Structures are given as structure tokens and as C-alpha cells.
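Working notes, structure below.
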Amino acid sequence: MIGKLRVVNSLSREKEVFEPLNAPHVGMYVCGPTVYSDVHLGNVRTFMSFDVIYRYLQFLGYKVRYVRNITDVGHLLDDTGEDKISRKAKLENLEPMEIVQKYTNDFHRVMETFNILPPDIEPTATGHLMEQLDMIQELVDNGFAYESNGSVYFDISKFNEKYDYGKLSGRKTEDLLNQTRELDGGSDKRSPLDFALWKKAAPEHIMRWNTKWSDGFPGWHLECSVMSTKYLGEEFDIHGGGMDLKFPHHECEIAQNAGSTGKEGAKYWMHTNMLTVNGTKMSKSLGNSFLPHELISGDHELLEHGYSPMTIRFFMLQSHYASTLDFSNEALDAAQKGYMKLANGLRLIKNYEYPEGLAEEINTKQAEQINKICDNCYHAMNDDFNTALTIGHLFNLVKKVNSIQTGQLKFEEIGKETFERMKSTFIAFCEEILGLKLETNLSSQNLLEVILEEYKVAKEAKNYDKVDELRAKLKAEGVIVKDMKTGIDWAFEE
RNA sequence: GGUCCUGUGGCCGAGUGGCUAGGCAAAGGUCUGCAAAACCUUGUACAGCGGUUCGAAUCCGCUCGGGACCUCCA
């Protein structure tokens, strides 16, 4: 390993050296989707960011247990106390579990489309009701929660006697109180800051469980505390999620963990930033959100045409996960060309082998440059998973690879050792770490070979009409013919 | 209103004190039947003003612009 991995910890707001609690094991929990409708692109960015983090940690040799939940109940919509799943179920006249299954399946398909690896454990809230009830009881026993009219609430003021509610998002309880609108008379809460652990269900509420507290359902924040603790322990390494979950969701999680176990859960908190469209956060209510399939097909009023999943992945990884990323046709088009350039480089180097028995005539400058670039890839990823910088370095390797193809750089100048390092580094960073894979839309690889052979023959015979015709034919397939001193090859059209 | 983030060349986007980020676009060159691709070269970039420093895009202050969270949201 080159250098140490450093991550920006939302808790300290500083870049810290990453030191797992129980190396080589790493526990990572990421807040997953609420499966009540299609995932939108913003969700994809978050899960893609943590996918790269997961991949890189594994690449570094850590044994990672990655837990990403599915929220299938209890996500309060508003003051009505109705949750997202049951509202949708009523709307579509389906069983809540049908909604859950439908959108869970859809979610998995989308994740696969973008080459996002599945987590090691994907627990559901409904599958952990007993554990949630246990944690509620613990919180009540410890004096951090109270029952009120069949519901159970977390008691922020009690919590603050011993802990500090708001430390993650930098909020002060007094400020929060000043800003919070007054409770309507009907509330069972002692303070507007208190949040629900268990909600008594209204008669029309369809997802409900009969417990000693009431016939009701769990609060949203609880499941994450319960499931992270169950699968990763009272203290674990990384907890992630989108920025917008920082408050109140993650703040509540910390409170629940501390209140029940005495430990605050995660050592490192990591937050991904938002996707924006024309500078404004992508969200459904603003009508500026894209569904993954719309971006791929181009079937959206804001889009001129579609983009392949790997182009989108590349586009997203070209910015740092903690920065906002703005969507535009121009930016996407530029990313498409850039991605094809990278993909062509990847395809080339995968096919290259250092020639057997070739005498080395090392060009020290070239070899040093290449080794430096390889080092830089590690440095970039070690620096808080800087995929944007990593991609920049990979493009520098692409130049070397292309130079080999055109014969401007020779194998013997690089030497076997450096060549092998370049090859393995390039492939590992593209495929294993960034999760970019080649997308071949060629109808037939063999056909391509045949046409290229035909092209070669025509070229040698100086039959230029035929040459131009074949060129056009291949271009229609998205393939560009490359005439070089060293021979004829092809590349994906950029 | 409170808390916080942010403003980089035509566009996107890295970069927290001195070391060419990178991609797209543009210009010139090499190569070529012509092209394309590739490679090489080129761009008075760091919102404005002031300060700290031998030296600042990078630190500090002010001004102006953009955004997020404070209610469900990745």
C-alpha cells in the first residue's frame, strides 16, 4: 500500500487517517432507500459513491462487511403519521409488501445497471421489528424515552443531560427550539424536538403491529440504529449516507445508539453531496429529477439524447463525492467522449502482453513517469477517495498506452516490470475500484475482424473507394478505424 | 432568520501556501491517398477589494453571487 488512507469525518469535519477498530475488518453501514417509488439519480450517486469506497477498502485488503438497509416501513410522511409505503399501497391498491417488493426489485436492477456491487447484508426494517422493540425498551429503561398515549418518543432534554444532541450537524438544542414551529395541540410529544420511536397507528393505517405500547409502527430513525448495531456491533467504522440525512436522521441515530448502548455507533461518518440541475438540488417536487432509465434512454424533456450507464458512472466519478455535481447535456456529452477515450485505453492495455524475450532498452524518463502516475492513482484514492483526481491520472496512463499503440513508445523503453505495473494498475483502478467496465455494443466481434481484414486488403491495393465504404460501414457501428504506421486497429467512436 | 458549504480558463471539474490535475471544446504541428484516431505544442483560470507571508486559487477580513440543511428526501 502506498501511503495512508485518509477520510473526511463529518463528526470532526476534518480529514483523518483511517484506522479501523478491528483491522483487517471494516464495518460499514449506509442508509439505503425507502422502497416506495423509483430510485432517482440522486440516490444512485450516493450508492455509487459508497460502492467505490467499498471497492477501494477491499482493494486495500480490508475485510469489509457492508450493510445497506431497505426501509420498508415507518418512514413518516408528514403530520398525518402515515408512512410512505402505506400511502403508496393505498394509491395503487396493493398490499404494502407488494409495493416494497416491486420497488426493491427495481432498485436492485438499477444498482446492477450501474455496476454497483450488492452489500454483504441488506436488512429490512420489517424484518427487525423485535430488535426495534427491544431497543425502545432499553431506551425507556435508561430514561431516554417515554410512552405517551400509545406512542413512544425519544426524550431530547433527558439525552442532553448526559450527551450532546446535534453534534454531528452542528446544531444547538436552544437554536433548534427557537426555529421549530409550535406543536399543534394534539401532539403527544413533550418537546417538539423529541422524535418518535413507536407510533400508535390511526385506524386507517395499514402497516401495523400489535405491541405492548399500542397497535402501531416503528419510527424511521430506529431501524438504522438497530440494524447497524446488530450486524456491525455497538461501535463500527463507517456510517454513510446523503448529506440530507445528516439532520435529523443521523443525529437521531447517534442519540438512539448512545441512549441504548452507551456507545455512539460509527467512528467515521461520511456524507455524499447532492446532484443538482442548473444549480438546484435534484428533487421530485421541483420536477427536475431524472429517473435512471430516462437518462439512459434520453426520454426526458431536459435531455437531448440518452447516455450509457458507464458514461453516467464515469460522469459521476469525475467529481468528488462530497461536492455537488451539476447535470447538463454539455457536461454529459463531454463525459461521454472522455469515457470512450478511457475505455479505448482500457481495451488496448488488456490486450497487450509484454513481448517474450524482448531486450530492454529502458528510457528512464518514460519509466519514471509511468511509475509516478501509478503511485499517483493510489495517492488520489487514499486522499478521501478522490475519484476525480484518480481519473485524471488514468488519462495520463491512457496517453502512454496510446503511444504504445501508435509505436511512439516502445515496450523495450518501458521494460517488463514497469509495463506489468502499468497494466495491472490501470485495469485495477478502472475496473475493480472505479467499477467502470467495457460496454460492447458491437453486434459481432468476429464480423469486425472480417471487415477489418477486408479493409486491410483494400488499403494495400489502394482501392480507396472500397476503403472509404468500409470506414463508413464501421462508423455506423460506432467503430473508428485507426490507420497507423504500425498497422490497422480500431477504437470505439468518441 | 439560524447553521453550514460554495464561486477555478469557452464548458465540466480536481486542487487548503511554492511542484504541468484531467476531460470536453479551440488553435498549430507530426502522421495520412484524403481523413479520422493518436501523439506533441498552445491558453495573462482562480468572483471583487483589502490583509498576513519571501511567496496565496489555497490562510484572514469585508463585499457581491450561488447552493444546502433547519419538514420527508441519497
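The values are calculated or read from the model by the stated rules, or taken from the named source; none is laboratory data. All figures in this text were calculated on a predicted structure; none of them were measured in a lab. Because the Cβ atoms are built from the backbone with ideal geometry, glycine has one as well, and the counts that use them run over all protein chains shown. Heavy atoms of the whole protein, side chains included, go into the accessibility calculation; ligands, DNA and RNA do not. Shrake-Rupley method; radii C 1.70, N 1.55, O 1.52, S 1.80 Å.
What the table shows:
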item: For a label point 7 Å along the Cα-to-beta-carbon line of residue A:371, residues of the range A:386-405 with backbone N under 13 Å; result: none
item: Overall Cα dimensions of the range A:79-130, principal axis frame, Å, largest first; result: 37, 28, 21
item: Inter-centroid distance (Cα atoms) of the range A:273-302 relative to the range A:1-61, Å; result: 24 Å
item: Chain A: calculated mean residue ellipticity at 222 nm from DSSP helix runs of at least 4, using -39500 (n - 2.57); result: -14000 deg cm²/dmol
item: Test item: Cα-centred dipole of the range A:20-272, Lys/Arg +1 and Asp/Glu -1 on Cβ, debye; result: 520 debye
item: Residue-wise HN-Hα coupling along the range A:192-197, computed from phi with Karplus coefficients 6.51, -1.76, 1.60 (Hz; x: Gly, Pro); result: x, 7, 4, 10, 6, 9
item: 9 Å beta-carbon shell around residue A:90, net charge (K/R +1, D/E -1); result: -1
item: Between helix A:220-232 and chain A: long-axis angle, C-alpha atoms, 0 to 90°, nearest 10; result: 60 degrees
item: Cα→Cβ-extended label distance, 7 Å offset, between residue A:412 and residue A:90, nm; result: 8.0 nm
item: FRET efficiency for residue A:288 and residue A:19, using Cβ-Cβ distance with R0 set to 30 Å, rounded to 0.05; result: 0.15
item: Highest to lowest packing among A:404-412, A:27-35, A:357-365, scored as the average C-beta count within 10 Å; result: A:27-35, A:404-412, A:357-365
item: Cβ-derived FRET efficiency at R0 56 Å, residue A:359 paired with residue A:234, nearest 0.05; result: 0.40
item: Separation between Cα centres of the range A:211-244 and the range A:336-365, rounded to whole Å; result: 48 Å
item: Rg to Rh, two decimals, where chain A supplies the alpha carbon set and Rh follows Kirkwood; result: 1.06
item: Carbon and sulfur %, accessible surface of the range A:445-492 computed with the full protein complex present, 1.4 Å; result: 52 percent
item: Cα shape, the range A:43-167, gyration tensor, a/c 1.5 rule; result: oblate
item: Charged-residue dipole, Cβ positions (Lys, Arg, Asp, Glu), chain A about Cα centre, Debye nearest 20; result: 820 debye
item: Environment charge of residue A:114, counting only residues whose C-beta is closer than 11 Å and scoring Lys/Arg +1, Asp/Glu -1; result: +2
item: Three-way shape call for the range A:362-467 based on the alpha-carbon gyration tensor, with the a/c threshold at 1.5; result: oblate
item: Paramagnetic reach from residue A:134 in the range A:260-277 [backbone N under 18 Å; point 7 Å along Cα→Cβ]; result: A:260-265
item: Degrees between helix A:464-476 axis and first principal axis of chain A (Cα, 0 to 90, nearest 10); result: 10 degrees
item: Gyration tensor verdict on the range A:20-272 (Cα atoms; rounded if a/c is under 1.5, prolate if a/b is larger than b/c, oblate otherwise); result: oblate
item: Test item: Cα-centred dipole of the range A:312-435, Lys/Arg +1 and Asp/Glu -1 on Cβ, debye; result: 280 debye
item: Highest average packing first - A:166-178, A:425-437, A:460-472, A:254-266, Cβ atoms within 10 Å; result: A:254-266, A:425-437, A:166-178, A:460-472
item: Gain in span if fully extended, residue A:120 to residue A:454, counting 0.36 nm per residue against the direct Cα distance; result: 115.3 nm
item: Heavy-atom surface of chain A, accessible at 1.4 Å and reported per residue (Å²); result: 45 Å²
item: Calculated FRET value between residue A:299 and residue A:326, using beta carbons and R₀ = 25 Å, to 0.05; result: 0.75
